[in-house]
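Working notes, structure below.
Derivation of every value follows stated rules applied to the coordinates shown; laboratory data play no part. Keep in mind that this is a model prediction, so the values were computed, not measured. Glycine gets a Cβ as well: all are built from the backbone with ideal geometry, and neighbour counts include every protein chain shown.
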Amino acid sequence: MLLVTGATGNIGRPLLQELHASNAGPLRALTRDAARTTFPGGVEAASADLADSTSLRRALDGVRSMLLVSGLGPDADIIDTARRAGVEHVVLVSSITVQTHPHLLPAAEKSTVEMELKASGMDWTILRPTQFASNTLLWAEAIREHRPVRVPYADTGLPTIHPADIAAVARVTLTEPGHRGRTYALTGPERITPRQQAAAIATALHRNIEFAEISPEAARADMLPFFGPASVDAVLDVTGGDLNDELLQVRDTVPHLTGTPARPFHLWAQENAPAFR
Ligand SMILES: NC(=O)c1ccc[n+]([C@@H]2O[C@H](COP(=O)([O-])OP(=O)(O)OC[C@H]3O[C@@H](n4cnc5c(N)ncnc54)[C@H](OP(=O)(O)O)[C@@H]3O)[C@@H](O)[C@H]2O)c1
């Protein structure tokens, strides 16, 4: 049995579709409310909260491999519960900031989870994706309401990744040999700036989007309610305030591991246009 946590999320949904399409064997999808959602036929839905070890233990019954999306619950406890349940291999979604910005608190937290998994005795594979294309959903309300998209660092290009590419790598590493004990930094195929992302969404919507570059200070005030004081400065640093070559680098890990070119941002924008209408 293979368990996917974060099953209704940006990575979990396409991963379950990929696993199902490739006949990867018995699949279980972990969500806090299985009644609220549907998964591909044959996928077993398990209602569990990652913060509740009793429900998690039930969801882990018979599981041999799992995708663990970090940061959704108490990761150290989740890893311990998985080990006790007999899980053999965990593919962990971490973050590229572990290697690009190790001094930032959110990156240090990911680094700690990576170390806890490595020390667990279970086999492990670590995925370190860069900024997700789906982060632009933060703009969806403004775009739907024909208000300007307010963005700092408008002309800073980052190698944003399509979450389906993280899912594609997760499927390969969960189901094919040779990936245990490996850490993969994952990026998209090219650097793209927020201004270019807004233009790609406008093209997908067949209309103009008003775009306003704002100062980092104004962005901090906008973002504080969403990210909270512990993370807002880190988010600003990794989106333009404190860049380094490691963060800017376009990597070939996705095509190398999946055999398919990494998906460009404009494809994500076309697929997700309804969210902006
Ligand atoms: N966004 C980025 O730019 C970026 C960059 C690098 C790394 N990352 C990492 O990528 C991961 C996020 O992946 P994602 O975008 O696929 O996740 P996501 O879409 O934000 O969320 C995944 C799902 O987690 C479930 N969930 C939330 N709390 C839960 C709980 N207590 N118990 C069980 N399930 C819970 C929710 O599903 P239900 O409501 O159905 O329970 C949610 O749909 C994080 O580890 C993040 O640090 C993100």
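The relative contact order of the range 89-134 comes to 57 percent, based on Cα pairs under 8 Å that sit 6 or more residues apart.
Counting Lys and Arg as +1 and Asp and Glu as -1 over every other residue whose Cβ lies under 13 Å from the Cβ of Asp155, the net charge comes to +1. The value of relative contact order for the range 49-118, using C-alpha pairs under 8 Å at least six residues apart, is 33 percent. Gyration tensor analysis over the Cα atoms of the range 165-277 returns equivalent ellipsoid semi-axes of 29, 21, 13 Å (largest first, whole Å).
From its DSSP helices (H runs of at least four residues, each -39,500 (n - 2.57)), the chain gives a residue-normalised ellipticity at 222 nm of -11000 deg cm²/dmol. Remark: the Cα gyration tensor places the range 211-277 in the oblate category, a/c being 1.5 or greater and a/b not exceeding b/c. With Cα atoms defining each centre, the range 208-274 and the range 10-61 are spaced 28 Å apart in the structure. An ellipsoid equivalent to the chain, defined through the eigenvalues of its Cα gyration tensor, has semi-axes of 31, 21, 18 Å when rounded to whole angstrom and sorted largest first. Over all other residues within a Cβ to Cβ distance under 14 Å of Val63, the charged ones net out to +2, with Lys and Arg as +1 and Asp and Glu as -1. In the chain, Cα pairs under 8 Å separated by at least six residues give a relative contact order of 18 percent. Would you mind pulling out the separation of the Cα centroids of the range 150-175 and the range 82-120, in Å? Computed from Cα coordinates, the inter-centre distance equals 18 Å.
Taking Cα atoms only, the orientation of helix 163-175 departs from the longest principal axis of the chain by about 20 degrees. Relative to the longest principal axis of the Cα atoms of the chain, the long axis of helix 105-118 makes an angle of roughly 20 degrees.
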